[in-house]
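Peer 1: Pasting in a structure now, in structure tokens, and then I'll have a few things to ask.
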Amino acid sequence: MAVTTKIYANTLAKQNEGRLLSQEKLRRLAEADADNLGKMLVDYGYGSQLHATADFDADALIEAEINRLINFVESDCFDENTAAVLLMRFAYNNVKARYKFKLGVTPRTDALYPLLNDVSECAEKGDYSACSDILADALKKLDEANLQKPLSAARIDAVLTEAMYAEMRAKAKKCGKAVKKYVTAKIDFANLTAALRAMRLKVPTADLEAMFLNGGSIDFEVLNEAAKDGWENFASHFAETEYYDILKRVSNGGFAALPAFESDAGAIESSFFDGDIENLLSEAPTLHYYAAALNEYKTVGTIVTCIRNGAREEINKRVRWSF
């Protein structure tokens, strides 16, 4: 993995961010006919002319953009630990896919992210010597549990997601404050989303506590009390946090507003770094671009899916147009 200076990495990040779609372009995409989506996206810089068709593969198109983002982080990030934090979600996605295939939970997939230091093969072969200690311990835990009872995909995801955030926290300790803030926010959003889904399913406190991820800024006791207090009062428990405004949408809309909350979460991640994105000696420009890019890819995917499924009216419920 190449490590560059912050000035170089941040300058490149700002150049790349300048190519992301404006709110106006996203709105035009949301108003387009299904047959024109591919051509519009290619005109906007996505994919190649091969995708400028009515039946283009949207998943492949967005995957190609994500792979470009991965390449930027691997090639041009200013710090190996920061790069590891940003790439962790992709690394663990590969591990989950290979481990599930090994146990016969899901079929083999070639839809793996192209990482230079991909250790996911170890999850399939059962030799964890090349893994980090955190990942190796999680895989051994799953192996032992599977001997007692065949594991479900959900259980595998839960154990490996917990390990992923633990490893992100460990790497973030060696990084600056912006990376630490990013990891804290990711954990907070994961816990908030879990609590909101648990409310819908009426999950007992013990089960919610089992899902709770350590390392965020929200205590479990606060989260649990908010979940017990119901949809209308949920946001009030976080009035002093940066998440209050987006949680109000959930309090007003109930479970039906959860997709909007998840969209808001993607938007707010990049907004955390707005105040420092002109400082080329900070971590902020690179993190801002990374978070904004992922949010855009998710937004484009949502728009295309809604239009293709005749559910254009769902777009405004699921997309955050500005933040």
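Peer 1: Which of (1) closer than 18 Å to L294 by Cα; (2) open to solvent by 20 Å² or more (accessible area, probe 1.4 Å); (3) touching a Gly at 6+ places or on another chain (Cβ under 7 Å); (4) free of Cβ contacts under 8 Å to residues at least 60 places away in the same chain does L61 not meet, given it meets every other one?
Peer 2: (2)
Peer 1: Can you pull out every residue in segment 78-97 that is open to solvent by less than 50 Å² (accessible area, probe 1.4 Å), within 17 Å of Y290 (Cβ to Cβ) and at pLDDT 95 or above?
Peer 2: Answer for segment 78-97, where residues must be open to solvent by less than 50 Å² (accessible area, probe 1.4 Å), within 17 Å of Y290 (Cβ to Cβ) and at pLDDT 95 or above: N81, T82, A83, A84, V85, L86, L87, M88, F90, A91, Y92.
Peer 1: May I ask you to list the residues in segment 32-43 that are surrounded by 12 or more Cβ atoms within 10 Å (Cβ to Cβ) and over 23 Å from the mean Cα position of the chain (by Cα)?
Peer 2: Scanning segment 32-43 gives A32, A34, N36, L37, G38, K39, M40, V42.
Peer 1: When L281 is evaluated against the numbered criteria (1) in contact (Cβ under 8 Å) with a residue 40 or more places away in the chain; (2) in a helix (DSSP H, G or I); (3) surrounded by fewer than 18 Cβ atoms within 10 Å (Cβ to Cβ), which criterion, by number, is the only one it fails?
Peer 2: Evaluating L281 over (1) in contact (Cβ under 8 Å) with a residue 40 or more places away in the chain; (2) in a helix (DSSP H, G or I); (3) surrounded by fewer than 18 Cβ atoms within 10 Å (Cβ to Cβ) leaves (2) as the failure.
Peer 1: Of the conditions (1) within 21 Å of I66 (Cα to Cα); (2) open to solvent by 40 Å² or more (accessible area, probe 1.4 Å), A13 fails just one. Which one is it?
Peer 2: (2)
Peer 1: Can you say whether A13 is out of contact with any Pro (no Cβ under 6 Å at 6 or more places or on another chain) and of a type in the set (A, V, I, L, M, F, W, C), as far as the supplied structure shows?
Peer 2: no
Peer 1: Follow-up question, since we're still on this one. Does K25 fit the bill of being within 30 Å of E278 (Cβ to Cβ) and free of Cβ contacts under 8 Å to residues at least 60 places away in the same chain?
Peer 2: So K25 passes the test.
Peer 1: For residues that are under 25 Å from N16 (Cα atoms) and part of a loop (DSSP other than H, G, I, E, B), scanning just segment 284-323, find the one that is most open to solvent (accessible area, probe 1.4 Å).
Peer 2: If we take residues in segment 284-323 being under 25 Å from N16 (Cα atoms) and part of a loop (DSSP other than H, G, I, E, B), then F323 is most open to solvent (accessible area, probe 1.4 Å).
Peer 1: Now, a different point. For segment 198-216, which positions are under 17 Å from K186 (Cβ atoms) and in contact with a Phe, Trp or Tyr (Cβ under 9 Å, 6 or more places away or on another chain)?
Peer 2: Passing the criteria: F212, L213, N214, G215, G216.
Peer 1: So the check is Cβ under 8 Å with 6+ separation or different chains; which pairs have a first residue in segment 216-242 that's under 24 Å from A172 (Cα atoms) and a second one that's open to solvent by 70 Å² or more (accessible area, probe 1.4 Å)?
Peer 2: F220/E209; T241/S217
Peer 1: For the condition exposed (fewer than 14 other Cβ atoms within 10 Å of the Cβ) and on the phi < 0 side of the Ramachandran plot, what is the one hit in A195, A235, A227, A239?
Peer 2: A239
The values are calculated or read from the model by the stated rules, or taken from the named source; none is laboratory data. The structure displayed is predicted, hence computed values, not measured ones. FYI the Cβ positions are ideal-geometry reconstructions off the backbone, even for glycines, and counts take in every protein chain you see. Note: accessible area is taken over every heavy atom of the protein model, side chains too, but ligands, DNA and RNA are not part of it. Shrake-Rupley method; radii C 1.70, N 1.55, O 1.52, S 1.80 Å.
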